[in-house]
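Okay, so here's the structure we're looking at.
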Amino acid sequence: MSNSNFDKNGLDKSGKHWLQYAAFVVTAFAIYFGWAFFNDASFHHFAVKLFKFWNCNGYNPLNYCVMRWKVDFYP
């Protein structure tokens, strides 16, 4: 970070910490994700498949998780 506008404490010229910028970006993605999840059917379908894949625990083999990704219904 030698070529940045942040000082050694992580503040820029206006006094904002770099984590404030990161929190803004994360909040923007969360707002968009929430809107798209409830208002776009194809994104909702993708998100449900993604959550089913992430929900696989360490007791299941990876091929079971991949199978859950390929299955196209909501259990």
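Quick note: the coordinates plus some simple rules give every number you see, no bench work behind them. All of these numbers come straight from a predicted model, not from anything done at the bench. Note: ideal-geometry Cβ built from the backbone for every residue, glycine included; neighbour counts use all protein chains shown.
Quick notes on this structure:
- Every residue from the stretch 1-58 that is charged (D, E, K, R) and farther than 30 Å from K70 by Cβ: D7, K8, D12, K13, K16
- Checking each residue in the stretch 1-47 for being part of a loop (DSSP other than H, G, I, E, B), among the hydrophobic types (A, V, I, L, M, F, W, C) and surrounded by 10 or more Cβ atoms within 10 Å (Cβ to Cβ) picks out only F6.
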